[in-house]
Amino acid sequence: MSGGKRIFSEQEASEILQRAAKLQEEDRESDPAYTPGITAEELERIAHEAGIDPNFLRRALEKAEPVESTKRRVQLEQVNERVVEGEIEPENFDLVIEDVKAVQRQHRGGNQAGIQQIGRRIFGNVMCGPAIGKMNITSRNGRTRIEVRTGAFMPLFIPLYPAFMLSAFAIGIGATEGAPIAGLVIALLLSGGATFLARHLLRRGHEAGERLADDLSEKAQEAVDIQNSELQERLAQSTPAPVSEDAPAEVRPHTPG
């Protein structure tokens, strides 16, 4: 690796680690040994190797709680990721997505469900409030990774397209009737209102995607707990009960020969 003796600032080191994690995330499908998520113990070990005081790490973890969505800067795309300890069997994925609203898509004249399953991966398009989200759940190597990605197409299209059409109509009518200023004012008002509504819908879509990721995480944990309890019951039934030393020995009648 080049730059072995270079000194990186904390900001540079953070950005490099984020880029490396992003590259690993993008290449996770081709790496069967990939295990998603980082435990608190692994974070402490990384911080210790980097010379970071554990007190500062604990303070950073306390401040890592979710921030109110209304205070965030509105982004065109938001990715919500969750990792659950435990692996879900493919036949139990229905327990996780039973309440998910899938987006129906038209394909060759017929409707197909927007959710598909391939082995230990389930993915598809789902409704997230006024937005359409992309759900991706992968369960392997002892952990379940959940990703919900919400975009801006529907929140922007719903208010902006009608506003654009009405603005063009208002400007055209104003020019025809000899009142171009009035038409322009109406167009500006429509554009301003549509922009405000688009931001509101976009924020609501991101919030719905975040709630969906939390719900899927809870459902995944419940599925893992159910699997563990069923496994313990099967082990208990297959294990023979120990014979007590105080139990009386079986007495068989003796028949003289």
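Of the conditions (1) modelled with pLDDT under 90; (2) on the phi < 0 side of the Ramachandran plot; (3) not hydrophobic (A, V, I, L, M, F, W, C), Gly109 satisfies every one except a single condition; which number is it? Gly109 satisfies every listed condition except (2).
So is Ala208 closer than 30 Å to Ile38 by Cβ, small (Gly, Ala, Ser), modelled with pLDDT of 95 or more and outside any strand (DSSP E or B) or not? Yes. Here the condition is being in contact (Cβ under 8 Å) with a residue 60 or more places away in the chain and exposed (fewer than 15 other Cβ atoms within 10 Å of the Cβ); of Gly192, Gly142, Gly205, Gly151, it holds for Gly142 alone.
Close Cβ contacts (under 9 Å, 6 or more residues apart or on different chains) running from residues in the stretch 59-80 that are among the charged types (D, E, K, R) to residues that are at pLDDT 75 or above comprise Arg72/Gln78; Arg72/Arg203; Arg72/His206; Glu77/Arg149; Glu77/Thr150; Glu77/Gly151; Glu77/Ala152; Glu77/His206. Among the residues of the stretch 61-81, not a single one is at pLDDT 90 or above and more than 24 Å from Gly205 (Cα to Cα).
Exactly one residue among Ala236, Ala175, Ala220 is among the hydrophobic types (A, V, I, L, M, F, W, C), under 22 Å from Ile122 (Cα atoms) and either under 16 Å from the mean Cα position of the chain (by Cα) or loosely packed, with under 14 Cβ neighbours inside 10 Å (or both), and that residue is Ala220.
For Glu230, the test of being among the acidic types (Asp, Glu), surrounded by 10 or more Cβ atoms within 10 Å (Cβ to Cβ) and modelled with pLDDT under 90 is passed. Just one of the listed residues (Gly178, Gly183, Gly209, Gly172) is of a type outside the set (A, V, I, L, M, F, W, C) and in contact with a strand residue (DSSP E or B) (Cβ under 9 Å, 6 or more places away or on another chain), namely Gly209.
Quick grid of which residues meet (1) more than 30 Å from Asn228 (Cα to Cα); (2) touching a strand residue (DSSP E or B) at 6+ places or on another chain (Cβ under 9 Å):
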| site | (1), (2) |
| --- | --- |
| Gly129 | yes, yes |
| Glu147 | no, yes |
| Phe153 | yes, yes |
| Leu160 | yes, no |
| Gly193 | yes, no |
| Ala198 | yes, no |
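The values are calculated or read from the model by the stated rules, or taken from the named source; none is laboratory data. Every value quoted in this text rests on a predicted model; they were computed, and no experiment measured them. Methodologically, a virtual Cβ is constructed for each residue, glycine included, from the backbone with ideal geometry; neighbour enumeration extends over all protein chains shown.
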